[in-house]
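Working notes, beginning with the structure itself.
Coordinate-derived values only; no laboratory data. All figures in this text were calculated on a predicted structure; none of them were measured in a lab. Here the Cβ positions follow ideal geometry from the backbone for every residue, glycine too, while neighbour counts run over all protein chains shown.
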Ligand code: PRP
Ligand code: MN
Ligand code: MG
């Protein structure tokens with residue numbers, strides 16, 4: 001019963017739909033990682049909201065589960081990826097070596113961010129790497145990338161909320177909504 005933000009055209013995924021799907025996927029991932037001490041790595045900043053809900057839905061919590069974060073940024077203040085993925089605050093190889101890394105993304109768009117991070121963790125000696133994403137836009141791929149776990153596939157609309165931003169705004173909306181074109185057309 002939250003009021004729709006005035007910059008949002010349409011709610012794509014309600015708070016209830018998100019909660020139900022995240023709960024379901026969390027249980028599935030927990031079962032798959034039983035006995036494997038997962039290192040759950042979220043990409044700042046977009047994945048923070050999804051990750052907070054996902055790890056609390058992982059029941060029973062796999063023994064030895066740990067949380068880490070990396071900063072990956074490619075968009076800046078535009079709606080189109082710059083094509084370069086800047087990684088910072090990356091983990092030390094000692095933290096990753098021999099661990100079962102589960103990368104958490106809010107969205108896989110071109111695929112560049114997720115692929116760059118998965119390659120990075122493999123190079124650091126992870127025992128396994130897997131990708132879980134809240135959203136995927138397969139129509140926008142420029143590099144092959146198929147999430148191992150996915151909540152929702154979405155069409156090519158500019159979506160915000162539940163962690164996803166436009167120019168650092170709208171991350172705290174409890175739903176995923178389509179941003180009104182007039183709210184971003186001036187920036188591109
Ligand atoms: C967004 C999103 C993903 C990435 C997906 O992050 O959160 O991490 O882009 O795009 P790609 O598949 O084309 O690489 P962004 O760079 O906007 O940083 P943010 O998470 O801080 O918003
Ligand atoms: Mn991101
Ligand atoms: Mg962003």
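Before moving on, here are some points about what is shown:
- The antiparallel fraction among DSSP beta bridges confined to the chain stands at about 30%.
- Least to most buried among 151, 145 (fewest other Cβ within 10 Å first): 145, 151
- With the convex hull drawn around the C-alpha atoms of the chain, the volume per residue stands at 104 Å³.
- Cβ crowding within 10 Å ranks 13, 67 as 67, 13, fewest other Cβ atoms first.
- 37 °C / 0.692 mPa s Stokes-Einstein diffusion coefficient of segment 11-70, Kirkwood radius on C-alpha pairs, µm²/s: 274
- Most tightly packed first, judged by the mean number of other beta-carbon atoms within 10 Å of their residues, the peptides 30-37, 164-171, 46-53, 137-144 read 46-53, 164-171, 30-37, 137-144.
- 0 to 90° range, to nearest 10: angle between helix 48-57 axis and the chain longest Cα axis: 50
- Segment 93-188: equivalent-ellipsoid semi-axes (sqrt of 5 x gyration tensor eigenvalues, Cα, Å): 28, 14, 12
- Within the chain, helix-based [θ] at 222 nm, where runs of 4 or more DSSP H residues each add -39,500 (n - 2.57), nearest 500: -7000 deg cm²/dmol
- Relative contact order for the chain, counting Cα pairs under 8 Å that sit 6 or more residues apart, in percent: 24
- When every Cα-Cα distance of segment 106-150 is counted in 10 angstrom steps from zero, the calculated P(r) takes the values 30, 54, 16, 0 percent.
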